[in-house]
Amino acid sequence: MTVVVAPVAEELLFRGFLYRGWAASRIGPTGAIVLTSAAWMIMHTQRNWLGLTYIFCVGLLYGSIRRWSGSTATTVILHCINNALIAGYLLIVTALGWLDT
Amino acid sequence: MTSGVPLETTAPPKTREWKFWATILWVAASVAAFFIVGVLLVLPLLGMLPSELKSHPLTNAVGWLIPWFGALGVFALAIRLTGMRMRDYLGFVPPRLPDIGIGLAGLVVLFLWQCCCSTPPRTGRRRHCSIRIAGQWLRAHGPNYC
């Protein structure tokens, strides 16, 4: 769910549909990258300010790659890899008892 | 031999793109579709399941996927109305390896930056300090909060 379904759904919405529509409007591709990143960040309100800043910066990265490459498939792959690595990292630190639960 | 009748030329199909506000309205419609499908279809189905299946991860995943397909249907309709193919509108072109490489490098930089800036949660601070005192600094990455 976290590694495949959520990234595909989110990228389809933010870097796919929203980016396409907003990039074609008066705000242009740069404005679309910033706005889609902000909208994506708002979706992750369970995080603290640092986590939100991180999400916003990752959104800027994905948006820029979407613009350079013209490919949403690239951002889907990156998003899946990122979520898989974070999920793996959390599993390992939890299993080793490094993380208080 | 050609007849005197002029050949019919087919005009390229008319396409249009949704702009700023129209995109927001379509997203709002897809969110509405997500909730409508969830309330009208998924919740009654969940109600019929035995209690031990309700908390199963697969039930959770399917419970999110079914409403998502409702939302996807709204996107498909919006894109169909533009006269473009879904693949072209959403940018589903094959990825290139250099782009993935650049993206991964960027993700690594951002992850390391987040690790360096993050403070351990209050509940984990005592453990963080004991790890540092024990000299196991690799396990307590980032600044010293002790």
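The values are calculated or read from the model by the stated rules, or taken from the named source; none is laboratory data. Not measured: the values here are computed from a predicted model. Counting neighbours? That spans all protein chains shown, and the Cβs are built from the backbone with ideal geometry, glycine included.
Within the range B:102-115, is even one residue small (Gly, Ala, Ser), modelled with pLDDT under 85 and either within 30 Å of residue B:38 (Cα to Cα) or assigned to a helix (DSSP H, G or I) (or both)?
no
So, restricting to helices (runs of 4 or more DSSP H) that lie completely within the range B:23-83, which ones have at least 1 residues that are at the interface with another protein chain (Cβ under 10 Å from one of its Cβ atoms)?
Hits in the range B:23-83: B:57-82.
Here's a check for you: in the range A:1-27, which residue that is assigned to a loop (DSSP other than H, G, I, E, B) and not polar (S, T, N, Q) is nearest to residue B:29 (Cα to Cα)?
By that ranking, first place goes to A:24.
Check residue B:69 against each of (1) buried (at least 18 other Cβ atoms within 10 Å of the Cβ); (2) modelled with pLDDT of 90 or more; (3) not charged (D, E, K, R) and name the one condition it does not meet.
(1)
Give the residues of the range A:67-81 that are within 7 Å of chain B (Cβ to nearest Cβ), closer than 20 Å to residue A:28 by Cβ and either out of contact with any Pro (no Cβ under 6 Å at 6 or more places or on another chain) or surrounded by fewer than 18 Cβ atoms within 10 Å (Cβ to Cβ) (or both), sorted by residue number.
Those that are within 7 Å of chain B (Cβ to nearest Cβ), closer than 20 Å to residue A:28 by Cβ and either out of contact with any Pro (no Cβ under 6 Å at 6 or more places or on another chain) or surrounded by fewer than 18 Cβ atoms within 10 Å (Cβ to Cβ) (or both): A:68, A:69, A:70, A:72.
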